[in-house]
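Contents: one structure, followed by commentary.
The values are calculated or read from the model by the stated rules, or taken from the named source; none is laboratory data. Just so it is clear, the structure is predicted and the values come from calculations on it, not from any experiment. Neighbour counts run over all protein chains shown; Cβ positions are idealised from the backbone, glycine included.
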Amino acid sequence: MGNAAAKEVKEIELPAAVTVRDLAQMMKASPIDVIKVLMSNGIMANINQQIDFDTAAIVCAEMGFEARPVAPPEEEKQEAAGEMPAWRQFAQGEDPSRLKVRPPVVTVMGHVDHGKTSLLDAIRKADVAGGEVGGITQHIGAYQVVHSGRRITFLDTPGHEAFTAMRARGAQATDIVVLVVAADDGIMPQTREAIAHARAAHVPIIVALNKIDKANANPDMVMQQLADAGLVPDDWGGDTMVVPVSAKQKKGIEDLLEAILLTADASEVIKANPEGHTGGTVVESELDKSKGPVATLLVQNGTLRVGDVVVVGNTWGKLRGMFDDRGKPIKQAGPSTPVSVMGLAAVPLAGDLFTVEIGERAARAMAATHREDAAQALVTHRAAPMTLDELYARYKAGQAKELALIIKADVQGSLEPIVDSLSKLSTAELKVNILHQATGTISESDVTLAAASGAIIIGFSVDADGAARKRAEAEGVDIRTYQIIYKLIDDVEKALSGMLEPKYEDVVVGKAEVRQVFRISRVGMIAGCQVLEGEMRRNAKARVLRGAGLVFEGSISSLKRHTEDVKEVRQGYECGVGVEGYNEFQAGDIIEALVQQRVS
């Protein structure tokens, strides 16, 4: 009987942390039952609260399930994101027995005033490798320090926008993100953005709690804010390492470097083959007046040597010189080593991938192929994120397993119920993954994150700024704005069930300037116009503009060419326009004709 009972126990795979709601869904049980089991074990948790694997395993055991961790977590996360880090691309074909541990590559992010630059400077000056304190002679966008005899590479990028822009170009050079949070200020909107960008890339986060030397520092407050943002500190039983530091007083720097090495060791995947095929990522580039095109390359597999022929994005070159982060000429560079190189035919883009090829002819041909592919990608928008309209079709084809969303709302009171309602729409087959949620206008940073992550941006009672609109159009990012919550929820729900109604919007098809105004008995005021652009159409919607302001919206009730009624009048011709319900035309007014068109 005992063996029969054991066979009835069902296995369930659990991540390192899971919400009470998700755990209940996995077991096809009521969240109330899960909460009751937690309470019986002395744990008070609400339906949206995250619990760790050990706690979830206890709940599973009491409800007839045997929990086991998802394995391997790194690979599953990468597949779910639909992307592969650059280092994994280069090491993919290598013999696993030849892979060796390489230095971790770290990017520092955080709010603008929380001390990112000061912390990087403190780390740089704390490095006493070879007695070269303060010996850096040039800025190459990346550098290495030595701690406990091991190297760590830091990417000196401007922030999360540059980090995600590189992801959008197909490169993911970062192994670990250090999130700088000021102990006297706490989590700010830009901090939340940085967390969202790091999470979207599935990169481990270490928190550097900076400015602990200040009299008004409040570490406990920041710890609570981090926990609320999903980064539960390890001191509180979570899995996020929080290291108190003072960049100003150079305190805690050694502890932070130690935390980076511990995180790297825990990942067990930061490896490369120094003898394998050489490749990596462009960190930054410029056109130097005396040296020509100069680029900083981060080697991610193999060993780069002076004289190698490389293909870098759409260009190529034979390396005439290599310099390390201290300006010292070097002959070769192994995995995770940043080097400044000369000899390229043109300036590559940050985020471009490079590989070493055999022979200049092959390199030139490959660079030409890359240029053709890039041109074709611009035409076809191959990598454009999905729209709500096409989501279900891609899901049916097995190409999509989740709907990634970025939510922006006018106030926090609107944001919380929207996020809560959307989270409830997840199903076992198709998950709603909210990458980022915040209040305020839809920004260019939001669009960059959406482009890199295949996400859709949803705004409630907010609009996108001009730069964001232009970027969204160039990247093919779908931005949807709403004024009614139930309409927003309804659209996402329909997308998940494959029933989304087509989206239409008003498009300006013609623009005319009022030259004279006439009164016609039994008709009213008619505007004598010159058509400036497109064509004016009878029965189209109309907008009357005066200066920069909108004075009236209605529909075109009459359209005449000389004395004849016509359906349309094209650019360059004169016409008489009547707008239903409006008689206050003035010379110089602009009348726009609009029609509804389906948005693809």
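With respect to the conditions (1) modelled with pLDDT of 85 or more; (2) part of a loop (DSSP other than H, G, I, E, B); (3) of a type outside the set (V, I, T), L349 lacks only one, and its number is (1).
So which of A450, A467 is in contact with a helix residue (DSSP H, G or I) (Cβ under 9 Å, 6 or more places away or on another chain) and either surrounded by 16 or more Cβ atoms within 10 Å (Cβ to Cβ) or assigned to a strand (DSSP E or B) (or both)? None of the other options fit; the residue is A450. Yes or no: region 190-203 includes at least one residue that is touching a residue at least 24 places away in the same chain (Cβ under 8 Å), assigned by TED's automatic domain parsing to the domain that holds F154, of a type outside the set (S, T, Y) and out of contact with any strand residue (DSSP E or B) (no Cβ under 9 Å at 6 or more places or on another chain). Yes - at least one qualifying residue is present in region 190-203. The residues in region 440-468 that are of a type in the set (V, I, T) and touching a residue at least 40 places away in the same chain (Cβ under 8 Å) can be counted, and the count is 5. Scanning region 400-431 for residues that are assigned to a loop (DSSP other than H, G, I, E, B) and either loosely packed, with under 12 Cβ neighbours inside 10 Å or modelled with pLDDT of 60 or more (or both) returns K401, D410, V411, K424, L425, S426, T427, A428, E429, L430. L550 passes every criterion in (1) assigned to a strand (DSSP E or B); (2) free of Cβ contacts under 8 Å to residues at least 40 places away in the same chain; (3) more than 28 Å from R570 (Cα to Cα) apart from (3).
So, D506, is that one more than 16 Å from the chain's Cα centre (by Cα) and not in a helix (DSSP H, G or I) or not? Yes; evaluated as a whole, the condition is true for this residue. Go through the residues of region 209-232 one by one and say whether even a single one is within 20 Å of P335 (Cα to Cα) and among the β-branched types (V, I, T). No - not one qualifying residue is present in region 209-232. Cβ-Cβ contacts under 6 Å between residues 6 or more apart (or on different chains), taken from a first residue in region 212-227 that is under 19 Å from L119 (Cβ atoms) and without any contact (Cβ under 8 Å) to a residue 40 or more places away in the chain to a second residue that is among the hydroxyl-bearing types (S, T, Y) and crowded, with 17+ Cβ neighbours inside 10 Å, are listed as D213/S246. Considering region 11-70, and only residues there that are in contact (Cβ under 8 Å) with a residue 40 or more places away in the chain and part of a loop (DSSP other than H, G, I, E, B), the residue that is nearest to A229 (Cα to Cα) turns out to be N48. Out of G334, G351, G321, G327, one residue alone is among the small types (G, A, S), surrounded by 21 or more Cβ atoms within 10 Å (Cβ to Cβ) and either without any contact (Cβ under 8 Å) to a residue 12 or more places away in the chain or in the same structural domain as P293 (by TED's automatic domain parsing) (or both). It is G351. So is G572 small (G, A, S) and part of a loop (DSSP other than H, G, I, E, B) or not? Criteria met by G572. Among the residues of region 267-301, those that are farther than 14 Å from L353 by Cα, of a type in the set (G, A, S) and in contact with a Phe, Trp or Tyr (Cβ under 9 Å, 6 or more places away or on another chain) comprise A272, G276. Out of the residues in region 452-498 that are of a type in the set (V, I, T) and farther than 15 Å from S414 by Cα, which is modelled with the highest pLDDT? The residue in question is I457. Somewhere in region 505-525, is a residue farther than 19 Å from E584 by Cβ and free of Cβ contacts under 8 Å to residues at least 24 places away in the same chain? Within region 505-525, none of the residues are farther than 19 Å from E584 by Cβ and free of Cβ contacts under 8 Å to residues at least 24 places away in the same chain. Whether a residue is charged (D, E, K, R) and at pLDDT below 90 was assessed, and R192 passes this test. Screening M44 against (1) modelled with pLDDT under 80; (2) aliphatic (A, V, I, L, M); (3) buried (at least 18 other Cβ atoms within 10 Å of the Cβ) leaves a single unmet condition, (3). For I206, the requirement of being farther than 28 Å from T441 by Cβ and either modelled with pLDDT under 90 or out of contact with any Asp or Glu (no Cβ under 8 Å at 6 or more places or on another chain) (or both) is met. If the condition is being outside any loop (DSSP other than H, G, I, E, B), surrounded by fewer than 16 Cβ atoms within 10 Å (Cβ to Cβ) and modelled with pLDDT under 80, then region 92-116 contributes P96, S97. For I212, the requirement of being part of a strand (DSSP E or B), assigned by TED's automatic domain parsing to the domain that holds D175, aliphatic (A, V, I, L, M) and buried (at least 16 other Cβ atoms within 10 Å of the Cβ) is not met. Return yes when I35 is over 29 Å from V269 (Cβ atoms), at pLDDT below 80 and either out of contact with any Ser or Thr (no Cβ under 6 Å at 6 or more places or on another chain) or of a type in the set (S, T, N, Q) (or both) and no when it is not. Judged against the criteria, I35 is not a match. The set of residues in region 215-233 that are more than 26 Å from the chain's Cα centre (by Cα) and either assigned by TED's automatic domain parsing to the domain that holds D446 or part of a helix (DSSP H, G or I) (or both) comprises P219, D220, M221.
Taking region 245-312 and the strands (runs of 3 or more DSSP E) fully enclosed by it, the elements with 1 or more residues that are in the same structural domain as G351 (by TED's automatic domain parsing), at pLDDT 85 or above and over 26 Å from the mean Cα position of the chain (by Cα) are at 292-301, 309-312.
Residues of region 48-84 that are touching a Lys or Arg at 6+ places or on another chain (Cβ under 8 Å) and modelled with pLDDT under 70: Q78, A80, E83. Does at least one position in region 155-173 carry a residue that is modelled with pLDDT of 80 or more and among the small types (G, A, S)? For region 155-173, residues modelled with pLDDT of 80 or more and among the small types (G, A, S): absent.
All told, E535 falls short of being charged (D, E, K, R) and either farther than 14 Å from L594 by Cα or at pLDDT below 90 (or both).
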